[in-house]
1. So which residues in segment 176-185 are surrounded by fewer than 12 Cβ atoms within 10 Å (Cβ to Cβ) and either touching a helix residue (DSSP H, G or I) at 6+ places or on another chain (Cβ under 9 Å) or among the hydroxyl-bearing types (Ser, Thr, Tyr) (or both)?
2. Quickly run through segment 36-71 and pick out the residues that are within 21 Å of residue 249 (Cα to Cα), of a type in the set (A, V, I, L, M, F, W, C) and within 15 Å of the chain's Cα centre (by Cα).
3. Does any residue in segment 1-26 that is in a loop (DSSP other than H, G, I, E, B) come within less than 6 Å, Cβ to Cβ, of a residue that is of a type in the set (Gly, Ala, Ser) and at pLDDT below 95 six or more places away or on a different chain, and which pairs are these?
4. Just to be sure I understand the filter: pairs with C-beta atoms under 9 Å, separated by 6 or more residues or on different chains, first member in segment 172-193 and over 27 Å from residue 259 (Cα atoms), second member part of a helix (DSSP H, G or I) and among the charged types (D, E, K, R). Which pairs pass?
5. Picking from 73, 97, 170, 152, which residue would you name as being surrounded by 15 or more Cβ atoms within 10 Å (Cβ to Cβ), over 24 Å from residue 39 (Cβ atoms) and at pLDDT 95 or above?
6. Where in segment 69-129 are there helices (runs of 4 or more DSSP H), lying fully within it, with 2 or more residues that are away from the ligand (no atom under 12 Å from the Cβ) and touching a residue at least 60 places away in the same chain (Cβ under 8 Å)?
7. Filter segment 181-206 for residues that are part of a strand (DSSP E or B) and not hydrophobic (A, V, I, L, M, F, W, C); which is farthest from the ligand (Cβ to nearest atom)?
8. Can you tell me which residues in segment 176-226 are closer than 19 Å to residue 159 by Cβ and of a type in the set (S, T, N, Q)?
Amino acid sequence: MKSSPGAPIGIFDSGIGGLTVVKSVMQALPNESIVYFGDTARVPYGIKSAETVKEYALQITDFLLRKRVKMILIACNTVAASARNAIEHKSGSVPVLDVISAGAQAAAALRHEHNMIGVIGTLATVGSGAYEDALKQQNPSLSVFSKACPMLVPLAEEGWIDNEVARATLDIYLRDFTHTRFDGLILGCTHYPLFRDQIMAYFNNPNLQIVDSADAIAAMAAEYLDNARLLNSAPDQTTFSCYVSDKPQRFQALAERFLGKNINRVEVVNMP
Ligand code: DGL
């Protein structure tokens with residue numbers, strides 16, 4: 001079915017992390033409606049097998065297609081690493097963009113001195129080698145130094161962003177990077193931009209180039225919709241619909257704090 005300009009953009013993640021993408025899309029494309037799905041009943045994805053993540057991701061793709069979205073943004077690196085092709089196949093003519101391609105493109109455009117890019121992500125993303133592949137496609141001379149940081153996802157879902165547990169966890173994960181020369185650090189999990197200030201403080205280097213794929217995918221989406229003549233032409237009717245597979249008690253408060261705006265309703269959808 002052909003996408004219509006007035007239709008919403010579908011964005012999804014395993015939980016709250018994809019709201020980092022929602023925030024960037026709202027800034028880059030303020031006239032667009034958004035349908036967000038956070039799979040809060042089944043987060044975290046990053047410690048699960050690729051088969052399981054793919055199964056969940058295809059169920060969510062189905063849900064978004066039923067909402068008649070005009071584009072799908074995979075706001076989850078773990079899903080992008082394990083299920084991108086399957087999602088694209090299922091989506092047919094509805095375009096699909098993902099945070100790994102967007103992040104790799106942005107990282108390749110950084111100032112390079114050492115030709116080394118740091119990547120932090122979930123066990124699944126780092127284990128898949130998806131960033132190595134995507135970066136090499138952009139520039140074959142780039143190497144990757146990566147580290148899985150699985151504990152950051154439950155900390156973010158809990159809202160433990162800036163306390164001593166979060167700082168101690170970041171110290172354990174990031175200390176290897178202090179012995180490595182790298183040109184930029186990709187936040188290769190959409191939960192991690194929530195720790196951006198703490199990561200900057202840890203490295204204490206104002207020149208550190210951080211790649212947040214949320215901004216990168218929002219810019220890609222804007223370009224794509226413009227070229228495809230799919231930008232919304234009735235901006236006074238934009239909506240933000242937020243769906244989750246379970247409603248953790250603090251979800252709405254955390255999400256509102258993070259987006260800096262009220263969310264009228266967070267609806268719970270039972271996944272099969
Ligand atoms: N935010 C997701 C990502 O970008 C997944 C986190 C998780 O569920 O483990 O990989």
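1. Listed by number, the residues that qualify are 178, 180.
2. Across segment 36-71, the qualifying residues are 37, 43.
3. Hits for this filter: 5/233; 6/234.
4. Note: no pairs meet the criteria.
5. None of the other options fit; the residue is 170.
6. Details: elements: 77-91, 99-108, 123-128.
So the answer is 99-108.
7. If we filter segment 181-206 for residues that are part of a strand (DSSP E or B), which is where we start, we get 184-188.
Imposing the further condition that a residue be not hydrophobic (A, V, I, L, M, F, W, C) reduces the set to 184, 188.
On the way: 184: 18, 188: 7 Å.
Filtering segment 181-206 for residues that are part of a strand (DSSP E or B) and not hydrophobic (A, V, I, L, M, F, W, C), the one farthest from the ligand (Cβ to nearest atom) comes out as 184.
8. Selection gives 190, 198.
The values are calculated or read from the model by the stated rules, or taken from the named source; none is laboratory data. Predicted model only: the values in this text are computed from it and were never measured. With ideal geometry, Cβ positions are generated from the backbone for all residues, glycine too; neighbour counts draw on all protein chains shown.
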